[in-house]
Every structure is written in structure tokens, then in C-alpha cells.
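Worksheet: one structure, shown below.
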Amino acid sequence: MHSYDAVWALATVRTRTGGTACAALYGPDVREVPCLGGYAGLFEALRDWDTLTPALRKYQPEQAALLFGAEVVAPIRYPRTLLCSGPNYRDHLAEMTHGTGDPDAITPFFFLKPPTTTVIGPGEAIVISGDAEDQVDWEAELGVVIGRAGRDISSEQAPSYVAGYTIVNDISARGPFRRPNAPHDAFAFDWFGQKALDTSCPTGPGLTPEWLVPDPHDLSIRLTVNDVDMQVSNTKEMIVGVCELIAAASSVVTLQPGDVIATGTPAGVGASSGRFLRPGDTVEVTIERLGRLLNPVVARAGTPT
């Protein structure tokens, strides 16, 4: 479930004793990270990110001890704030507007997902009702993990607030998006019903530190359903860059260590083809230097399949 092409990532793991701890993912292996030995997970470690960074920059995963019997879970359990960008890829904008959308007119806007009920890790199930009318869709996204608290951060300052990057799959129910009988067009769109479903935010498998990602705006990104390519793109298609997204978000809320900003999705969502997720599907997202995030899709107990 994780492959790094000689790049390593930090992770939160469940140990054989049932507790959680920090670790590193290096190739197929899970390895110890001595300087993170006192932390129950990356969420806790991120509170001390500035202090830990010098030791982590010197970390050599190939020299670290193997950690046997560990299960990789979501890297950040759980972000205080989980922000998701609206349309932010040129190819996706063209896809959804049939070529009429103007990328130059796009300014940052966000919606929220409730972290503790939506975030799941690698291998965990995306649970859906099985009702085709829900039109459950996928959205492969680059996730930015914040490593330092800040408000009103300028785009020039933003790089120093980034701890690293992770994969996010923004699972979305397209069916409930437009509310019937809304009293006014201003109240017609149900972002909560579309975006807040339980298990609708697979993340992981790890957190790749920012110094191992030289350019977050030039990473290949791919999503498959049952091994069939659905999204194949590159983060260079992003309209608003990482630093500008951080600046925009922090103009509204104070960003905290462990917060995650999902930066938008490229072309190839199910809404463009009418092919939506069904129980029994397997979704896999791969982002260059970040690894692979695989999740099965299952029906919620007591619902039709």
C-alpha cells in the first residue's frame, strides 16, 4: 500500500500492543524513528515540529530498525481543521464547464469536512449506502499538512508553515448536492450532504516532509477504480498554488499544527462520465513521492447493495 521510490514518509501506526506510535515508511517497510519515540502519533509530534525538524532532516531510514507487526493508520488523527479547496485544476474546470470556465477568474474558496468522522487511513473501508442515487464520487487530491500555527500568513511566508504533504481522497455524494424546494437559490446547494459523509476522507499513507518534495506543483497524480485509470494528471494543473491557498485560508481562520488543506482535484471525476462508486470497488490514489493510498468500498450495514 505504500511505495516511495527511495523517498521516505512519516506515519502513524497501531502497534501490536494496541497503542499508536510514530514510524517511517520506507519502501515496503515500517521503521522506527528514534526522535519521535515519545509521541503517540504525528498529530502530537506536529505540535513540536520546529523543534523536531533538525533531527528529522538527518534521519536515515535505511539505518533505522524495522518495526514489526505495525498497522499503518491515517497519518493525522485528527486534524483540528480539514479544509478542502473548491475547483482548482485547469483540466477539471474545463471538464465540468465543458470548456467555458475561465481559470483566471478562479479565486480560492473552501469547504470543511468533519475530521473525526470522515478521516480514514490506508486499507480502511469507504462505507456507502449502496443507493445509486447518492452518486458517490472520488477526488484525488494533494494534501498540505500544516506544521506551525499562524493567522494572516502571506504567500511569501507560507512555505515555512508547511510540515509536509499527504494524499487525500475527497469522497463526495453528488446526488444530494442540490436541495429540493430550497426557499432561494442562495440556499440551494447542500455542501454538508455532499461532503461530510462518514469515511469520506481517506488520507495517507504517510506524511512526506516538505524537504523531500522539491516542487509540490509538479507531481504526477493518478486515481484508479478497480485498476482502471480514472484520473491521470499533474499538480502543475493547479490554478491556485499551495502558498496562495495557505494565505487565503489563514485570512479566515488560525491554522494549527496538524491542519490539512486538500488542494483540489484534476479531471476524471465520476460525475463527468456517470460512473460512480459501488460496493465492491477498490479505489487507489497515487501521487509522486507520496506513495499509494488504497481503500475498498463497502455497503453500510442494513442498506441495499
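Pick out, in residue order, every one of the trypsin sites (Lys or Arg not before Pro) in the stretch 49-92 that is DSSP loop and has at most 15 other C-beta atoms within 10 Å; say none if there are none. Qualifying residues, ordered by number: Lys58. Placing +1 on the Cβ of every Lys and Arg and -1 on the Cβ of every Asp and Glu, with no other charges, gives the chain a dipole of roughly 720 debye about its Cα centre. Here's the list of lysines a cross-link from Lys195 could span, going by alpha-carbon distance under 16 Å and ignoring same-chain residues fewer than 8 apart: Lys113. If you take the charge dipole of the chain about its Cα centre, with +1 on Lys and Arg Cβ and -1 on Asp and Glu Cβ, which of Ser273, Thr235, Trp191 is farthest toward its positive end? Most positive-ward Cα: Trp191. Taking the centroid of alpha carbons for each part, the stretch 1-70 and the stretch 212-261 are 22 Å apart.
Less than 5 angstrom separates the built amide H of Thr20 from those of Thr15, all sequence-distant by 5 or more or on a different chain. Please state the shape class of the stretch 9-73: rounded when a/c is under 1.5, otherwise prolate if a/b exceeds b/c and oblate if not, all from the C-alpha gyration tensor. The shape class here is oblate. Between Met96 and Thr17, the FRET efficiency from the beta-carbon distance, with R0 = 30 Å, is close to 0.05. For the chain, the longest piece that avoids every one of the chymotrypsin sites (Phe, Trp or Tyr not before Pro) found in DSSP loops with at most 16 other C-beta atoms within 10 Å covers 110-305. Residues considered: Val253, Val145, Val283. Largest GNM mean-square fluctuation over the chain, using C-alpha springs under 10 Å, is found at Val253. Close amide H partners of Val30, meaning residues 5 or more places away or on another chain with modelled amide H under 5 Å apart, are Leu67. Return the whole-Å distance between the Cα centroid of the stretch 107-167 and the Cα centroid of the stretch 188-206. Each part reduced to its Cα centre gives a spacing of 9 Å.
Taking the Cα centre of the stretch 9-73 as reference, the dipole from Cβ charges on Lys and Arg (+1) and Asp and Glu (-1) amounts to some 20 debye. Each residue in Asp104, Asp218, Asp259, Asp137 was given a count of other beta-carbon atoms within 10 angstrom of its own, and listing them fewest first yields Asp104, Asp218, Asp137, Asp259. When +1 charges are put on Lys and Arg Cβ atoms and -1 charges on Asp and Glu Cβ atoms, the dipole computed for the stretch 166-305 relative to its Cα centre reaches about 500 debye. Largest mean-square fluctuation among Asp229, Asp185, Asp134, in a Gaussian network model of the chain whose springs join Cα atoms under 10 Å apart, belongs to Asp185. Between Val30, Gln135, Leu67, the Cα set farthest toward the positive side of the dipole of the chain (charges on each charged residue's Cβ, about the Cα centre) is that of Leu67.
Annotation: amide H-H contacts under 5 Å for Val162 (H modelled 1.01 Å from N, sequence separation of 5 or more, or interchain): Gly147. Normalised by the number of residues in the chain, the average gap of Cα pairs under 8 Å and 6 or more apart makes the relative contact order 26 percent. Of the trypsin sites (Lys or Arg not before Pro) in the stretch 16-56, the ones in a loop by DSSP (not H, G, I, E or B) with at most 11 other beta carbons within 10 Å are Arg16.
Of the listed values (1) 18.7, 63; (2) 27.6, 79; (3) 28.8, 89, grab the one calculated as Rg and Dmax of the Cα atoms in Å from the structure here. It is the value labelled (1).
Readers should treat all values here as calculations from the given coordinates under stated rules, not as data from a laboratory. Computed from a prediction, not measured in an experiment: that's the story for all the values here. As a convention, Cβ positions derive from the backbone with ideal geometry for all residues, glycine included, and neighbour counts pool all protein chains shown.
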